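Single-structure report; data block below.
What follows is calculated from the coordinates using simple rules that are stated; it is not laboratory data. Quick caveat: nothing in here was measured; it's all calculated off a predicted structure. In this analysis, Cβ positions are derived from the backbone assuming ideal geometry, glycine residues included, and neighbour counts consider all displayed protein chains.
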């Protein structure tokens with residue numbers, strides 16, 4: 001019996017050490033990936049005319065609705081740099097970055113278009129809940145409601161927040177899936193101007 005108990009204790013210790021090793025490895029990998037995801041991502045496609053050159057990606061157009069339920073298209077904003085953000089009032093990561101957007105809107109609102117697209121599916125988020133959230137927090141940037149999910153489908157939004165930085169000619173300069181820091185938001189805006 002002592003051999004089985006001793007063997008069982010030895011197995012428990014080995015399994016515990018292996019689990020600790022796996023947890024340490026997972027922590028290191030997570031930290032490494034998190035550091036890499038702190039950056040904005042460049043967006044371009046291979047040019048059909050040249051080998052290694054990349055050509056810019058044109059922003060896909062879509063239709064959303066303003067607070068008065070009027071149709072608004074992304075292309076309506078071409079001619080100025082655009083910050084396109086997909087968010088929901090029930091999304092905690094989205095809530096973290098909203099004050100940064102408000103501050104940037106107050107600073108750059110005359111020269112940069114802020115297209116804050118609420119994913120308004122009617123269940124998870126509604127026009128009423130999104131409007132109440134922005135009013136409660138005194139956000140003055142314009143919000144647009146994606147009630148048909150046209151914008152979300154065109155941009156294959158699978159995770160929010162998601163932010164695209166589009167130049168005045170309608171080309172995507174960079175993007176970020178996940179929460180933006182204030183510095184990254186500023187960097188993205190600078191890339192569009």
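Take 68-76, 88-96 and order them by the average number of nearby Cβ atoms within 10 Å per residue, most first; the result is 88-96, 68-76.
Once both labels are positioned 7 Å from their Cα atoms along Cα-to-Cβ, the gap between residue 95 and residue 177 label points is 2.4 nm.
Within the stretch 57-84, list the residues whose amide N lies under 19 Å from a label point set 7 Å along Cα→Cβ of residue 110. Only 79-83 fall inside the zone, counting backbone N under 19 Å. Stretching the chain fully between residue 127 and residue 156 yields a gain of 8.3 nm (0.36 nm per residue, less the alpha carbon separation).
Our compactness index for the stretch 97-193, the C-alpha radius of gyration over the empirical 2.2 N^0.38 Å, is 1.07.
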